[in-house]
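Mind looking over this structure? Questions follow.
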Amino acid sequence: MSAETGDLILIIADQWDTTCEVLGMLRNEIARPPVHEGPYRYVWVIEFPLFVGRNKETGQPKSGHHPFTMPHPDDLDKFETDPMSVRSIAYDLVLNGWELGSGSIRIHEPELQRKVFTALGISDEEAEKKFGFFLNPFEYGAPPHGGFAFGLDRLVAILAGEENIREVIAFPKTQSGSDPMTNSPIPGDPKAMTELGLKVLPPTD
């Protein structure tokens, strides 16, 4: 490694995906200079992988962006044979390593959405329970659509010389824990609850 006095060598021993993820986080925490010191450098990141890594228990791929991201049309023929090489139509705007905004084109074809859910190990029943509010518009012919969410709070934090957006926005953003549009919160997955050692008690009067 050609290390000299005062150097720090960090070694991670694990699977390739885990190693890259851990070392990436360490690099950001240890070696990244303060984001507001500049010079300000912007970059567009496009054509993210549709899937990144695999579930250690099931071997199924995991979403790179979210399960509604449109696969790149040029890669649809790879969906069955090489899903990890399929690109998505997703994009990020980054400033000095900070994500200022993120977006994607959404899947608007029911069969393609079902195909992605199947690859992720999400059954039709689970999809309806968790994402029914998002899938129901397909019945009415949802047109091609997409979006981009700009993180104004992150830009303000950078301009204010802060390292955490909590310094420039008020928390919590909502006073209630519910979201009427997505019907959140919904009951937790029993397996996840068991792994976390959580139990939901019956309501009391």
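Read-outs: derived from the displayed coordinates by stated rules, not from any lab. Worth saying up front: this structure is predicted, and the values here are computed from it rather than measured. For neighbour counting, all protein chains shown are included, and Cβ atoms are generated from backbone atoms with ideal geometry for every residue, glycine included.
In a shell of Cβ-Cβ distance under 14 Å around Leu198, excluding Leu198 itself, what net charge do Lys and Arg (+1) and Asp and Glu (-1) give?
That works out to 0.
For the stretch 39-49, take each phi angle, set θ = phi - 60°, evaluate the Karplus expression 6.51 cos²θ - 1.76 cosθ + 1.60, and give the result in whole Hz per residue in order, putting x for glycine and proline.
Rounded to whole hertz, the list is x, 6, 10, 9, 8, 8, 10, 10, 6, 4, x.
Would you work out the charge dipole size for the stretch 39-196 about its Cα centre, treating the Cβ of every Lys and Arg as +1 and the Cβ of every Asp and Glu as -1, and quote it to the nearest 20 debye? Please report the intermediate quantities before stating the final value.
On the way: 15 positive and 23 negative charges, 56 e Å.
With Lys and Arg at +1 and Asp and Glu at -1, about 260 debye.
If the label point is 7 Å along Cα→Cβ of Trp44, which residues in the stretch 87-101 have backbone nitrogen under 12 Å from it?
Of the residues in the stretch 87-101, 90-94 have backbone N under 12 Å from the label point off Trp44.
Can I ask one more? Any idea how far the Cα center of the stretch 1-45 sits from the one of the stretch 77-116, in Å?
Value for the Cα centre distance between the two parts: 25 Å.
Looking only at Cα atoms, what is the convex hull volume of the chain per residue, in Å³?
Output value, Cα hull per residue: 221 Å³.
Here is a follow-up. Could you pull out every residue, at least 5 positions away or on a different chain, whose amide H is within less than 5 Å of the one on Leu100? Hs are placed 1.01 Å off N in the peptide plane, and Pro or chain starts have none.
Close amide H contacts, sequence-distant or interchain: Leu93, Val94, Leu95.
Any idea which of Met70, Gly101, Pro203 is furthest toward the positive side of the dipole for the chain, if Lys and Arg beta-carbons carry +1 and Asp and Glu beta-carbons -1?
Pro203
Here is a follow-up. Want the number for Thr118 to Ala160: 0.36 nm per residue separation, take away the alpha-carbon distance, what's left? Write down the numbers at each step before the final one.
Working: separation 42, 0.36 × 42 = 15.12 nm, distance 4.46 nm.
So the chain would gain 10.7 nm between Thr118 and Ala160.
Provide the per-residue ³J(HN,Hα) series for the stretch 82-96, in order, calculated from phi with Karplus coefficients 6.51, -1.76, 1.60 and θ = phi - 60°, each as a whole number of Hz, with x at glycine and proline positions.
So the Karplus estimates, Gly and Pro as x, are 8, x, 6, 9, 6, 8, 10, 8, 9, 8, 10, 9, 10, 10, 6 Hz.
Classify the stretch 24-84 as rounded, prolate or oblate from the Cα gyration tensor: take a ≥ b ≥ c as the square roots of its eigenvalues, call it rounded if a/c is under 1.5, otherwise prolate when a/b beats b/c and oblate if not.
oblate
Testing the spin-label approximation: label points 7 Å from Cα along Cα→Cβ at Glu111 and Val94. State their distance in nm.
Modelled inter-label distance: 3.6 nm.
Now, a different point. Could you tell me the calculated FRET efficiency between Ser85 and Cys20, based on Cβ-Cβ distance and R0 = 22 angstrom, to the nearest 0.05? Don't skip to the end; give the middle numbers.
On the way: r = 17 Å, r/R0 = 0.76.
With a Förster radius of 22 Å, E is 0.85.
For the stretch 61-77, just list the computed ³J(HN,Hα) in residue order, Karplus coefficients 6.51, -1.76 and 1.60, θ = phi - 60°, integers in Hz, with x standing in for Gly and Pro.
Ordered by residue, 3J(HN,Hα) equals x, 10, 5, x, 10, 7, x, 9, 6, 6, x, 5, x, 6, 10, 5, 6 Hz.
Amide H to amide H, which residues 5 or more places from Ser88 or on other chains are under 5 Å from it, using H placed in the peptide plane?
Sorted by chain and number, the residues that satisfy this are Phe48, Leu50, His72.
A further question on this structure: If I model a spin label as a point 7 Å beyond the Cα along the Cα-Cβ vector, how far apart are those points for Arg54 and His66 in nm?
2.7
How long is the gain from Ile11 to Met193 if the chain were fully straight, where each residue apart is worth 0.36 nm and the alpha carbon distance is subtracted?
Here the segment from Ile11 to Met193 would lengthen by 62.3 nm.
So which aspartates and glutamates can Lys56 reach, going by Cα to Cα under 19 Å and dropping same-chain residues fewer than 8 places off?
Result set, ordered by chain and number: Asp14, Asp17, Glu21, Asp82, Asp189, Glu195.
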